[in-house]
Number of protein chains: 4
Amino acid sequence: MNTFGQLLRVTTFGESHGPAIGCVVDGCPPGIAITAEDFSHDLARRATGRTRHTSARHEADAVEILSGVYEGHTTGTPIALLVRNTDARSKDYDRIARQFRPGHADYTYWHKYGIRDPRGGGRSSARETTMRVAAAVIAKKWLADRFGVRVRGHLAQIGGVMPRSHDWTVVEDNPFFWPDAGQVAELETFMDALRKSGDSVGARVTVVADGVPPGWGEPVYGKLDAELAAAMMSINAVKGVEIGDGFASVAQKGSGHRDAMAPEGFGSNHAGGILGGISSGQQVVCSVAFKPTSSLRLPVEGVDVDGNAVEIVTTGRHDPCVGIRATPICEAMMALVLMDQALRHRAQCGDVGEVAPRIPGG
Amino acid sequence: MNTFGQLLRVTTFGESHGPAIGCVVDGCPPGIAITAEDFSHDLARRATGRTRHTSARHEADAVEILSGVYEGHTTGTPIALLVRNTDARSKDYDRIARQFRPGHADYTYWHKYGIRDPRGGGRSSARETTMRVAAAVIAKKWLADRFGVRVRGHLAQIGGVMPRSHDWTVVEDNPFFWPDAGQVAELETFMDALRKSGDSVGARVTVVADGVPPGWGEPVYGKLDAELAAAMMSINAVKGVEIGDGFASVAQKGSGHRDAMAPEGFGSNHAGGILGGISSGQQVVCSVAFKPTSSLRLPVEGVDVDGNAVEIVTTGRHDPCVGIRATPICEAMMALVLMDQALRHRAQCGDVGEVAPRIPGG
Amino acid sequence: MNTFGQLLRVTTFGESHGPAIGCVVDGCPPGIAITAEDFSHDLARRATGRTRHTSARHEADAVEILSGVYEGHTTGTPIALLVRNTDARSKDYDRIARQFRPGHADYTYWHKYGIRDPRGGGRSSARETTMRVAAAVIAKKWLADRFGVRVRGHLAQIGGVMPRSHDWTVVEDNPFFWPDAGQVAELETFMDALRKSGDSVGARVTVVADGVPPGWGEPVYGKLDAELAAAMMSINAVKGVEIGDGFASVAQKGSGHRDAMAPEGFGSNHAGGILGGISSGQQVVCSVAFKPTSSLRLPVEGVDVDGNAVEIVTTGRHDPCVGIRATPICEAMMALVLMDQALRHRAQCGDVGEVAPRIPGG
Amino acid sequence: MNTFGQLLRVTTFGESHGPAIGCVVDGCPPGIAITAEDFSHDLARRATGRTRHTSARHEADAVEILSGVYEGHTTGTPIALLVRNTDARSKDYDRIARQFRPGHADYTYWHKYGIRDPRGGGRSSARETTMRVAAAVIAKKWLADRFGVRVRGHLAQIGGVMPRSHDWTVVEDNPFFWPDAGQVAELETFMDALRKSGDSVGARVTVVADGVPPGWGEPVYGKLDAELAAAMMSINAVKGVEIGDGFASVAQKGSGHRDAMAPEGFGSNHAGGILGGISSGQQVVCSVAFKPTSSLRLPVEGVDVDGNAVEIVTTGRHDPCVGIRATPICEAMMALVLMDQALRHRAQCGDVGEVAPRIPGG
């Protein structure tokens, strides 16, 4: 199942070290202005090799638009985007073609399919997320142009470190998408030490959408929060998803959690902008837990395809904290979910509402 | 979107205080032995009115099988299940037909549809989950009979209280699905006080599946964990979902998180039984956060359909902790996801594997 | 697969002689005025037992609305409709529970599922189409109210008899949905003789939609004509579908087939109102071939479940020409397809067009 | 909607004169041996420029496998296939960028999307079918290897000419996929005269599948015949679809149409191998009507984007009978439908049957 979305359908393909990765975006409204250059910014934000804190693999990530765009505008036909892999080093992985790396998908792909492409993790590599980010460039543009919706994210925790302050304006100015400029030096030191140790660490990403109108989301199995949860959990290395207060809600009282309403608006946002699976008009807030990557220079016990015990050491290029580059990926998934829900909403309820609101009993 | 699943498709319908609720289970394999009585056990576990710790509404929840079963066995045609509502008290809700209860879906349904059925929360009521539990009775049976898979759950936290020990054998013997018999009295006291205070509290439910074979789950957008996340998040009042270590992974090191493998099996299960979105053969572990219900006797500021400020007090029958009855619902969603994935797996890979495993380069 | 449609999703259930048949209509816009009485007219048009030219089975076909309607209007939640079976005579079929009737689905259901419900043909009976007609009552209403679209049909051939003239005003005034009043007596004589002979005959139904705006239909795999073809072919006993000139196009020249266009409109409609899978604004025209029913008093060679040769005689109540009652069913399928496409169109392109038309090169 | 199939999902993209066309085949079982060369044969059968009886456009149609295949075998991940367009001549179409060609999709795309890619018909060109044929190469291979299913087709009518005899062995030896070698010279004369006249003609294609086991097809909305009908009708220029006797059934009696069964098998195949939407084990037979192409050198009245009357003459390269090259396309769609149904069948009923057949009442 390599297609995401009901009406805005993104189908991705490609292996980490195969000839190319790509996607087909189907169901996109016509008339959106888009060029190949529009993809550069977000792909660069996601890319490896930009700082010493991410994998050393360097891909140009040049997007070729193969279809669906005419004279700079989407036509309503499927938009195919292609990115050639240029820095694939299959020999890095030859050694482990017959081994199952603990914490990786090697073992499960093998059991599911009876065959796996071991080159760079094949399909299970985070390289696949490149195309999610590319597809979401279109979604972000449409959401912004048509509804004024803005989707953005930041890192909210690395290991045990949490931001002490929050300033959106600094998030894009440091290699960690970190909202507290005063902690960046501390994080650099932390990450340098971690990299040298050969170990990795987890992270939390928070992504929000401002400007979402009330009414998006399809109860009861296409709820906005349910689809955000699936979208985030489908990202490599994600182990948890929260909406609004998330797991903190467990220890809360109802009198404290429920967000009071007044004629001028909501008094708080514990709900994270979603009630009954439908957007409330408040900021949509989603937090995502990334596990520490399992690809380490530190040895670990594993098994090979014949069932023998082996010691596994990963010497390929890897991220000491996969969560760092995950911010644009989480943004991408939120943007794709929101655009899909927006299209579904207007299908059922119309651009301007299928009907004027009815007063009960009226 | 009131259909859940790709191949095992469960479509539910019905409002909380409408004439009936029901579901259609489509895509079910033929030959499963099923009778109307099979539904009683799990529906009773989910039902209100069984103890003083849940809502006082008392429904018989008698399931009528309308189709798809012949001489006690499923035939492969759609199975329609119907439950008549018998204890609907619409007048309890007349007062708030023109008001939006904070923390509820009233406001968002109104904005989405321009109309809402205010009787008992209408479609957004947790009454809908009755049919999820009913449909999952079939899934649990098939999973157990065919694969030996067992799905079960327990409460893992109420407010700030966590179990001090874990014993599956006591979970079904107390009104809280609580795994530590020694704490039940404490919980009863806590819940009695809470109920008297008019407030509510959140809860955490943990649900696990034993016996899941390796290979279930469809990368990259139909991952087993992604679909579990959506399934759980689609349950009323859920604000967070974790697989395995979940948010605890954020502060972990990769050397500690990754589960070592040996010829005799995995050495730990931080991953929660899923790698790369595919089951690994270990126990599948999912934790779910329930917010405290917003329906309280304690007043709160709200607005009405005309935009006026109103004070809202909910006097209807409600649960002081919706998470308590949620254990069978979480089990249901996990069972439905697993059966759907099992069917999808054998579609692509065959009952016994499409091919024998291939040795890379061999 | 008992769900029809992408955005307007109709799920039907029920066996011919089971306790009930029903459907769930999901994705329906809110605010459509609907009552249980609205279903009577079209269900009566489809029903058996109204004239001597159809099966003698007499069902009240009373529709109960179980959900999705509040104060006489759809709410946007799933609409469940239920019809109890009241004139099921299972004993009529006991004799052939172990036999496969030639021309019926007995043999194929048995091979597919390893089990079948033999009571009245079970799920493969045309009784299932009752719920298609019911669901389409809502679609017809929405199409008419919102777009002025009118869907109607007539019989275009019975056996070798074709209408000599066409008058829509007489179609509903004779038991054959026949557009030529002057031939009705001839048809009654023909059908009486046929019924007495114990044999059956095929029929052709033509169904058209007026008022469809240009732009409905999703190239390339959701084309309006492709979905009409599937919809019609999914009706029991259908063996062929044509759009516009259909098979007559094979012998035509392009200079004659293509419909010239002028500022005031199209000059002809060989295309049947669809170009490139998208409605052109002309009348949408679809013709459907119904085979003669295989349930006859005349004996035929068959086999039983043990593989023995048996002589099969069907003594149950059957239609000598199933095509007669098929007119409202074909209308229903066209209405469902059109409404689904209308919703999909506005999802992608908006109620009033996502953008103003662009002049190429402009 | 550019995705075809439920479990074997083929998503195509690309415009006729854009940089490339391609497809993504998702849900394919692992372990199928496939190389880029495997696509050559069927793509050549479909291609233009091979004989004077088809369009003069010459494309190499070289398939690049971008993903999903490792060491010559499918891996279960999405298979992306890419074909670069090399003989696009956009200037041929500049003249009509502002005109709507009668009988073409120009007008309807314009109304649907407000924008269209006029280069070579853009997305509505039959060039898109290249990728259907490519995807079906994989399906044909799997069907043949695993079930011994063979899908093949032939032309059954050109204009008023019908075959006088039927010999499968000559079908591939003439440019018309014609089953009667004795008529080939006559057809060449006919087509030469037609081409010189500047006109075009329709055709009928018959495609059959041998070896389909009983049990494939999903009642009631995923019937094998319904999906074949949609698949065929989604091909450019198709106006009608028949299963088995098709429209001839209208004039038949039930006693003649129904296929008697004996212990040794069916006595005839009026049904075309499908009963109740499920394959019966007989040959599956489908006939398809192609209209004459509307692109002619002969002038026709049309309108332009400003609503003015214009005379339209098409001077680009076109087929005088699009049905000729359609045989491999019809085969492709049947193969894709059959493989998809096979996967769905084993999902629900298992590779070897979910259960042993049950004797009713037993």
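Here, each number is a calculation from the coordinates, and none is a lab measurement. Fair warning: this is a prediction, and the values are worked out from it, not measured in the lab. Virtual Cβ from ideal backbone geometry, glycine too; neighbours counted across all protein chains shown.
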Integer Hz, Karplus 6.51/-1.76/1.60 couplings in order for the stretch A:117-128, x for Gly and Pro:
8, x, 5, x, x, x, 6, 7, 6, 5, 4, 4
Please find, among residues of chain C, the one with the beta carbon closest to the rotation axis relating it to chain B, distance in whole Å.
C:Thr11, 3
With the label set 7 Å along Cα→Cβ, B:Asp145 is separated from its counterparts in the other copies, in nm and shortest first, by 3.4, 4.4, 5.5
Chain A: most fluctuating residue of A:Gly211, A:Gly302, A:Gly267 per GNM, C-alpha cutoff 10 Å:
A:Gly267
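Local charge sum around B:Arg9 (other residues, Cβ-Cβ under 14 Å, Lys/Arg +1, Asp/Glu -1)?
Details: positive: B:Arg132, B:Arg344, C:Arg9, D:Arg344; negative: B:Asp26, B:Glu227, B:Asp340, C:Asp26, D:Glu218.
Every neighbour counted, the sum reads -1.
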Once the label point is placed 7 Å from Cα along Cβ, list for B:Gly182 the distances to the corresponding points in the other copies, in nm, shortest first.
4.5, 9.7, 9.8
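Mind checking the dipole of chain D: about its Cα centre, +1 per Lys or Arg Cβ, -1 per Asp or Glu Cβ, Debye to the nearest 20? Intermediate results must be reported in sequence, preceding the final value.
Details: 38 positive and 41 negative charges, 110 e Å.
About 520 debye.
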With chain D treated as a Gaussian network of Cα nodes joined by springs under 10 Å, which of D:Arg132, D:Arg346, D:Arg297 yields the largest mean-square fluctuation?
D:Arg346
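Are there GluC sites (Glu not before Pro) in the stretch C:224-314 that DSSP puts in a loop and that have at most 14 other Cβ atoms within 10 Å, and which ones? Don't jump to the answer; show the numbers that get you there.
Details: sites: C:Glu227, C:Glu242, C:Glu264, C:Glu301, C:Glu311; in loops: C:Glu264.
Passing both the DSSP loop test and the Cβ count: C:Glu264.
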Here the correct list, in nm and shortest first, of distances from A:Ala33 to the same site in the other copies, label points 7 Å along Cα→Cβ, is 4.6, 5.5, 6.9
Candidate lysines for bridging to B:Lys291, where Cα separation is under 22 Å - those fewer than 8 sequence places away on the same chain excluded:
A:Lys223, A:Lys239, A:Lys253, B:Lys196, B:Lys239
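If R0 is 30 Å, what FRET efficiency do you get for A:Ser165 and A:Ala44 from their C-beta distance, rounded to 0.05?
Details: r = 26 Å, r/R0 = 0.88.
It comes out at approximately 0.70.
By DSSP, what percent of the beta bridges with both residues in the stretch D:1-69 are antiparallel, rounded to the nearest 5? Intermediate values should be presented prior to the final figure.
Numbers: 8 of 8 bridges.
Bridges in the stretch D:1-69 are about 100 percent antiparallel.
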Could you tell me the distance between the Cα centroids of the stretch B:263-315 and the stretch C:277-347, to the nearest Å?
47
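Quantify how strongly other chains surround peptide C:127-134 by giving the mean number of their Cβ atoms within 10 Å of each of its Cβ atoms.
Values: counts 0, 3, 1, 0, 0, 2, 0, 0.
Mean partner-chain Cβ count within 10 Å for C:127-134: 1.
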Residues with amide H under 5 Å from that of C:Thr3, placed H, sequence gap 5 or more
D:Tyr221
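To make sure I understand, if each residue's beta carbon is the centre and we count other beta carbons within 10 Å, what order do A:Thr169, A:Thr293 fall in, fewest to most?
Numbers: A:Thr169 8, A:Thr293 26.
So the residues, fewest neighbours to most, are A:Thr169, A:Thr293.
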For C:Asn269 and B:His58, what is the calculated FRET efficiency with R₀ set at 60 Å and r taken between the beta-carbons, to the nearest 0.05?
0.45
Quick calc, the protein assembly as shown, dipole around Cα centre from Cβ unit charges on Lys, Arg (+) and Asp, Glu (-), nearest 20 debye, gives 0
Say we join alpha carbon atoms closer than 10 Å with springs in a Gaussian network model of chain B; which of B:Met339, B:Met232, B:Met191 then has the biggest fluctuation?
B:Met191
How well do other chains shield peptide B:2-9, expressed as the mean number of their Cβ atoms within 10 Å of each residue Cβ?
6
Just to confirm the number: angle between the C-alpha axis of helix B:184-197 and the first principal axis of chain B, 0 to 90 degrees, nearest 10?
40
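Report the semi-axes of the equivalent ellipsoid for chain C in whole Å, largest first, where each axis is √(5λ) for an eigenvalue λ of the Cα gyration tensor.
Working: eigenvalues 253, 130, 77 Å².
Three semi-axes, in Å: 36, 26, 20.
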With the dipole of the stretch D:3-349 defined by +1 on each Lys or Arg Cβ and -1 on each Asp or Glu Cβ, the option from D:Asn308, D:Pro214, D:Leu194 whose Cα lies farthest towards the positive pole is D:Asn308
Rounded if a/c is under 1.5, else prolate if a/b beats b/c, else oblate: with a ≥ b ≥ c from the C-alpha gyration tensor eigenvalues square-rooted, which is the stretch D:57-180?
oblate
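Considering every residue in C:194-207, what mean count of other chain Cβ atoms within 10 Å of its Cβ is obtained? Could the numbers behind the result be given before it?
Numbers: counts 2, 0, 0, 2, 2, 4, 6, 7, 10, 3, 4, 1, 0, 0.
Partner-chain Cβ atoms within 10 Å, mean over residues of C:194-207: 3.
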